[in-house]
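Structure record follows, encoded as structure tokens.
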Amino acid sequence: MGQKIHPTGFRLAVSRNWASRWYANNNNFAAMLQEDIGVREYLKKKLKNASVGRVVIERPAKNARITIFSSRPGVVIGKKGEDIELLKAELQKRMGVPVHVNIEEIRKPETDAQLIADSITQQLERRIMFRRAMKRAMQNAMRLGAQGIKIMSAGRLNGIEIARTEWYREGRVPLHTLRADIDYATSEAKTTYGIIGVKVWVYKGDTLGRNEAPVVEEVAEEKRPRRNARPGGDRRPRRDGEGAPAGARRGGPRRGGAGGDAKSGE
């Protein structure tokens with residue numbers, strides 16, 4: 001039975017980039033990776049109401065640069081920048097190096113896979129019907145320019161005894177096409193019946209790889225070669241009388257003279 005590979009990992013270094021961009025030796029790699037995971041969990045909990053899509057962490061020369069993608073940057077910054085200063089101080093305390101925090105606005109939150117998944121899980125925790133939440137999210141994404149979307153929910157849906165999986169798709173979602181821009185995200189809804197998992201795939205169209213430009217080749221117009229003449233002149237030999245003036249009779253004169261019967265000589 002075929003299984004689904006992670007769409008982001010499948011496209012890394014082809015059309016997607018890493019969320020953690022730094023280099024480390026073998027001794028420090030595990031500690032720095034664990035630190036990144038802790039920072040992302042902290043930001044997800046701290047900025048729960050800020051609609052955070054993704055977090056990019058870079059470590060240039062004993063510093064740290066964190067870029068937060070949010071559809072509500074005003075909530076992250078706070079009044080007169082107070083909240084972001086407190087956030088920066090907490091991150092410096094956790095990471096032990098100077099931290100620079102950048103905020104990037106998500107222009108279309110309805111087509112961001114992480115924000116769609118978080119929105120559905122919040123609705124499930126408020127006991128909204130899962131089908132209604134999924135179909136509403138799909139309609140909004142397609143209306144704002146997504147070329148395809150697929151949403152899958154798994155768990156005790158609507159509080160049933162036996163867990164099951166349901167998914168809906170609208171448009172195209174080509175998972176095997178490397179040039180396809182597939183945005184993928186997951187989220188969990190903690191309900192009174194248990195955890196319900198939500199997966200979202202959003203197809204935003206084909207994209208070119210990094211540092212890749214379209215190549216246009218000029219194709220010369222093909223001319224149809226002329227048909228070579230057959231050896232010996234014309235295609236078929238000319239018969240006697242062919243090419244004579246209109247109304248002339250082919251062949252020799254009639255037997256028996258003009259106007260006579262052809263059988264009169266018998």
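Quick note: the coordinates plus some simple rules give every number you see, no bench work behind them. Remember, predicted model here, so these are calculated numbers, not experimental data. Using ideal geometry, Cβ is built from the backbone for each residue, glycine included, and neighbour counts are taken over all protein chains shown.
Could you sort out which of 44/150; 4/62; 150/190; 88/150; 80/150; 80/135 sit more than 32 Å apart by Cα distance in this structure?
Listed pairs above 32 Å: 4/62; 88/150; 80/150; 80/135.
Need one word for segment 7-107: rounded, prolate or oblate. Basis is the Cα gyration tensor (sqrt eigenvalues a ≥ b ≥ c); a/c below 1.5 gives rounded, then a/b vs b/c decides.
Here segment 7-107 falls in the oblate category.
Can you grab the distance from the C-alpha centre of segment 159-193 to the C-alpha centre of segment 48-120, Å, no decimals?
After rounding, the separation between the Cα centres reads 25 Å.
Residue separation times 0.36 nm, minus the C-alpha to C-alpha distance between residue 42 and residue 143: what's the value?
33.1 nm
Once you put a point 7 Å from the Cα of residue 79 and another 7 Å from the Cα of residue 175, both along the Cβ direction, what distance in nm separates them?
Taking the simple label geometry, residue 79 and residue 175 are separated by 4.8 nm.
Mind jotting down a quarter of the surface of the convex hull over the alpha carbons of segment 110-206, in square nanometres, one decimal?
It is 5.6 nm².
Kindly state, to the nearest 0.05, the FRET efficiency for residue 31 paired with residue 168, given R0 = 30 Å and r defined as their beta-carbon distance.
E between residue 31 and residue 168, to the nearest 0.05, is 0.10.
What ranking do 206, 83, 118 get, fewest neighbouring Cβ atoms within 10 angstrom at the top?
Listing 206, 83, 118 from fewest to most nearby Cβ atoms yields 206, 83, 118.
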